[in-house]
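Take a look at the structure set out below.
Please treat every number below as a calculation from the coordinates, not as lab data. All figures in this text were calculated on a predicted structure; none of them were measured in a lab. FYI the Cβ positions are ideal-geometry reconstructions off the backbone, even for glycines, and counts take in every protein chain you see.
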Amino acid sequence: MKTYIPSAPAIERKWYVVDATDMTLGRLASEVAKVLRGKNKPIYTPFLDTGDYVIVLNAGKVKVTGKKLDQKVYFSHSEYPGNAKYATLREMLEKRPVKAVEHAIRGMLPGGPLGRQMFTKLYVYEGSEHEHAAQKPEKLEF
């Protein structure tokens, strides 16, 4: 018996929309990462991108537990000496909530070219409106 390996044309990609209002950030990120990787499909293959497209709405309304709002720190550096920037999760959710949600989801995808390819199928919006109505996305519940 041979192992079935799906070819690129055989992979059907669906569009899903997720409302992040009052969802815990880490739990949301892990469920979205599963769909982006394709782990919810029977044809899942670790070395292929078999995942679906995901639209996340209301990124600024996610919750976190404990003291993460003040203790979780994001680091960025422009490669210029002395230009390190630090921001707490509270600051990120106030100024750039889309980036905070994307950062959480990206961390749960594989590293390397395959993870970058999977990440391109993610669309995060701060509000409840999106421009992908033509793709007829299905609502995804966790």
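Using alpha-carbon pairs under 8 Å, 6+ residues apart, how would you state the relative contact order of the chain in percent? Relative contact order here is 33 percent.
Checking every one of the chymotrypsin sites (Phe, Trp or Tyr not before Pro) in the stretch 12-118 against DSSP loop status and a limit of 12 other Cβ atoms within 10 Å picks out PHE47. Taking a Cβ cut-off of under 10 Å around ARG96, the surrounding Lys, Arg, Asp and Glu residues balance to a net charge of -2, with basic ones at +1 and acidic ones at -1. A DSSP coil position with no more than 16 other Cβ atoms inside 10 Å describes the following GluC sites (Glu not before Pro) in the stretch 65-94: GLU79. The loop-placed trypsin sites (Lys or Arg not before Pro) in the stretch 52-124, going by DSSP, that have at most 14 neighbouring Cβ atoms within 10 Å of their Cβ come out as LYS67.
Look at ILE43, ILE5 and count the other Cβ atoms within 10 Å of each Cβ; fewest to most, that gives ILE5, ILE43.
Taking K and R as +1 and D and E as -1, what net charge do the other residues with C-beta under 11 Å from the C-beta of LYS14 add up to?
+1
According to the square roots a ≥ b ≥ c of the eigenvalues of the Cα gyration tensor, what is the shape class of the stretch 53-118, taking rounded for a/c under 1.5, prolate for a/b larger than b/c otherwise, and oblate for the remainder? Note, shape of the stretch 53-118 comes out oblate. Taking the DSSP bridge list for the chain and keeping only pairs wholly inside it, about 30 percent are antiparallel. Considering the stretch 14-139, its Cα convex hull presents a mean projected area of 8.9 nm².
Averaging the Cα positions of each part gives two centres, and for the stretch 1-31 and the stretch 96-142 these lie 10 Å apart.
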